[in-house]
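The values are calculated or read from the model by the stated rules, or taken from the named source; none is laboratory data. Fair warning: this is a prediction, and the values are worked out from it, not measured in the lab. Note: ideal-geometry Cβ built from the backbone for every residue, glycine included; neighbour counts use all protein chains shown. What goes into the accessible areas is simple: the full protein's heavy atoms, side chains included, and nothing from ligands, DNA or RNA. Shrake-Rupley method; radii C 1.70, N 1.55, O 1.52, S 1.80 Å.
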Amino acid sequence: MSSKEGSGGFRKRKHDNFPHGQRREEKENVNPSSALMMSFKSFQLELDTRHDKYERLVKLSRDITIESKRTIFLLHRFTSAPNGEEILNESEAKLDAVRRKIKQVAQELMGEDMHQFHRAISPGLQEYVEAVSFQYFIKTRSLVSVEEINKQLIFTVEDREEITNTTSSSQDKQTHTWSLKVTPVDYLLGVADLTGELMRLCISSVGNGDIDTPFELSQFLRQIYDGFTFIGNTGPYEVSKKLYTLKQSLAKVENACYTLKVRGSEIPKHMLADVFSTKTELIDQEEGLS
C-alpha cells in the first residue's frame, strides 16, 4: 500500500491535510466587497434576470398558442355557419388579442438579442402564423406572405398613453415603436401546419355539400408541397421533418377528390364525409404499418 493511501485503501484528498477549522476560517475571511465577489454577484443578477425573462416569454408564447388554436377552431365553423362574415369578424377580434400578447413579447425583447430567446417564443409564433394564414386563405384563397405578417406586428403608441412620466408637458410626449419579426423558419413551419387545417376544411366542406372546395384545396396544397420539396434536406431540420406530414395531408385531399370524381354520383352527399373519414383512417393504418 502506498504512502498516499490510508488504511481503507482510499486515496487521501489534498484538503484532508488541513484541519476543518482552518478551512472554516478561510471562508469567513472572504471579503464580500472584493472585486471578485462583486463580479460574481453581478453575473448572478444577470443570469437570474435573463432566466426570469425567458420564463415570462414562455408563458406569453403559451398564451399565444392557446388563443391562436381557438381562432383556428372558430374558423372551421366558417363552412357550416349561416353567416360567414360574423365568423371572420370574430376571428379578427381574436387575432387582435393575440397581437396584443405579441406586443408584450416585443416589449420584453426590446434591446435584447431575439435569437437568445427564440426557443421560448417559436411555438407561439408558429401557431400565430398558422391562424393568420388560415384566415387569409378563407378570405382570398391564397397564401399570406411573411412580409404581410410582419407588417401587422409593428406596434406604435404614444409615451403619455402607456409610460408614466413625472412631467406632463407636451414636449415629453414621444412615439414608441415595438416590432417583432417572424423568422423564415417559423413562417415555413406555420405554413406546414396550415396544410393539416386545410385537409380538415376539405372534409368538412364535403360534409356540407361543397364539392368545389376540395379541388381548390388540392391544387393549393400541391403548390405548397412543390415549394417545400425545393427546400428538401437543405433547409432546417424542423422543415424537412414537417414534409412528411404535409405529404400525408395532400394525399388525403387528393383521395377525397378522387372519390368525388369517380364515385361522387354513386354516393349520397350526406354520406360523403363518412366515406372520406373511413378512407382517411385506412390511409393512416397503411402508413403506420409501412
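Quick look at the values:
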| item | result |
| --- | --- |
| Hits in the stretch 54-83 (condition: in contact (Cβ under 8 Å) with a residue 40 or more places away in the chain, open to solvent by less than 60 Å² (accessible area, probe 1.4 Å) and of a type outside the set (S, T, N, Q)) | LEU57, VAL58, LEU60, ASP63, ILE64, ILE72, LEU75, HIS76 |
| Residue selected from the stretch 207-216 under the condition more than 29 Å from VAL185 (Cα to Cα) and either among the hydrophobic types (A, V, I, L, M, F, W, C) or not in a helix (DSSP H, G or I) (or both), by the criterion most open to solvent (accessible area, probe 1.4 Å) | ASN208 |
| All helices (runs of 4 or more DSSP H) inside the stretch 84-154 with 2 or more residues being hydroxyl-bearing (Ser, Thr, Tyr) and open to solvent by 40 Å² or more (accessible area, probe 1.4 Å) | 118-140 |
| Residue match in the stretch 184-198 (condition: buried (at least 17 other Cβ atoms within 10 Å of the Cβ) and among the aromatic types (Phe, Trp, Tyr)) | yes |
| Residue in the stretch 194-206 that is in a loop (DSSP other than H, G, I, E, B) and either basic (Lys, Arg) or farther than 30 Å from GLU112 by Cα (or both) present | no |
| Yes/no for LYS94 being more than 23 Å from ASN208 (Cα to Cα) and free of Cβ contacts under 8 Å to residues at least 12 places away in the same chain | no |
| In the stretch 217-240, residue nearest to SER142 (Cα to Cα) [restricted to those that are over 20 Å from the mean Cα position of the chain (by Cα) and crowded, with 16+ Cβ neighbours inside 10 Å] | PHE220 |
| Close pairs (6 angstrom Cβ cut-off, 6 or more residues apart or separate chains): closer than 26 Å to THR229 by Cα and open to solvent by 20 Å² or more (accessible area, probe 1.4 Å) in the stretch 244-265, assigned to a helix (DSSP H, G or I) and at pLDDT 80 or above anywhere | LYS252/MET199; GLU254/SER218 |
| Residue in the stretch 44-59 that is closer than 15 Å to ARG119 by Cα and of a type in the set (A, V, I, L, M, F, W, C) present | yes |
